[in-house]
Amino acid sequence: MNPEPVVAHFRPASDADVPALLALRHRTMDPHFQSVGLAYSEQDHLARIELRLDCAQLICRGEQLIGLLKLVKEGDVWDLIQLQLAPELQGRGFGTQLLQGILQEARLAGVAVQLSVFKSNPALHLYQRLGFIIHSATEHSYEMLWRPECKAAASSGQP
């Protein structure tokens with residue numbers, strides 16, 4: 001039996017959303033920090049939330065915050081800073097749908113997308129399935145890159 005589809009809407013994040021984003025961050029990220037033995041202070045969490053808050057979109061179901069998308073669409077490489085979904089929504093295909101939409105938009109814009117993911121994060125497999133490749137690594141994480149297919153040259157018959 002397939003899970004019920006997730007119906008959600010987006011709205012820009014504001015400073016007033018920081019407490020709710022902090023609670024979401026603890027729910028979604030603390031298990032990953034613990035799995036790799038990293039201690040992350042409350043200040044570290046807040047700094048990550050405030051990083052490019054101007055690009056943050058809250059993912060809501062009704063009035064309930066169910067996720068965060070922070071995507072910087074600048075230059076030739078867009079930076080997917082954060083994609084967090086409430087644990088009860090993970091593994092239901094919603095993240096795949098969100099990412100496919102982002103990658104379609106990037107493909108049309110002719111830009112690449114980069115992100116960072118903990119090596120132990122199950123989302124790593126999703127990113128690989130969607131065509132992200134590992135281009136560098138740290139002790140605990142991978143830096144990944146997705147590039148659009150070069151369809152324009154192929155469809156024009158030019159090399």
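Numbers at a glance
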{"item": "Filter result for Leu80 (out of contact with any Asp or Glu (no Cβ under 7 Å at 6 or more places or on another chain), farther than 19 Å from Pro31 by Cα, assigned to a strand (DSSP E or B) and aliphatic (A, V, I, L, M))", "result": "yes"}
{"item": "Selection status of Ile59, part of a strand (DSSP E or B) and either in contact (Cβ under 8 Å) with a residue 24 or more places away in the chain or more than 25 Å from Asp30 (Cα to Cα) (or both)", "result": "yes"}
{"item": "Any hit, segment 109-121, residues being open to solvent by 20 Å² or more (accessible area, probe 1.4 Å), in contact with a helix residue (DSSP H, G or I) (Cβ under 9 Å, 6 or more places away or on another chain), farther than 29 Å from Val18 by Cα and in contact (Cβ under 8 Å) with a residue 12 or more places away in the chain", "result": "yes"}
{"item": "Conditions (1) of a type outside the set (Ser, Thr, Tyr); (2) assigned to a helix (DSSP H, G or I); (3) at positive phi; number of the one not met by Gly75", "result": "(2)"}
{"item": "Filter result for the condition that a residue is more than 23 Å from Ser14 (Cβ to Cβ), under 14 Å from the mean Cα position of the chain (by Cα), β-branched (Val, Ile, Thr) and surrounded by fewer than 18 Cβ atoms within 10 Å (Cβ to Cβ), over Thr96, Thr138", "result": "Thr96"}
{"item": "Meets criteria (touching a residue at least 60 places away in the same chain (Cβ under 8 Å), open to solvent by less than 70 Å² (accessible area, probe 1.4 Å), within 29 Å of Ala23 (Cα to Cα) and of a type in the set (A, V, I, L, M)) for Ile66", "result": "yes"}
{"item": "Condition broken by Asp54, with the remaining ones in (1) modelled with pLDDT under 85; (2) assigned to a helix (DSSP H, G or I) satisfied", "result": "(1)"}
{"item": "Filter pass, Leu126 being exposed (fewer than 13 other Cβ atoms within 10 Å of the Cβ) and outside any strand (DSSP E or B)", "result": "no"}
{"item": "Any hit, segment 117-126, residues being at pLDDT 95 or above and among the hydroxyl-bearing types (Ser, Thr, Tyr)", "result": "no"}
{"item": "Whichever residue in segment 18-41 is in a loop (DSSP other than H, G, I, E, B) and hydrophobic (A, V, I, L, M, F, W, C) and, among such residues, is most open to solvent (accessible area, probe 1.4 Å)", "result": "Ala39"}
{"item": "Matching entry among Asp54, Asp79, Asp44, Asp15 (being surrounded by fewer than 15 Cβ atoms within 10 Å (Cβ to Cβ), under 18 Å from the mean Cα position of the chain (by Cα) and of a type outside the set (S, T, N, Q))", "result": "Asp54"}
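The values are calculated or read from the model by the stated rules, or taken from the named source; none is laboratory data. Please read these numbers as outputs of a predicted model, since none were measured by experiment. Glycine also receives a Cβ, built like all others from the backbone with ideal geometry; neighbour counts cover every protein chain displayed. Keep in mind that these areas ignore ligands, DNA and RNA; they rest on the heavy atoms of the full protein, side chains included. Shrake-Rupley method; radii C 1.70, N 1.55, O 1.52, S 1.80 Å.
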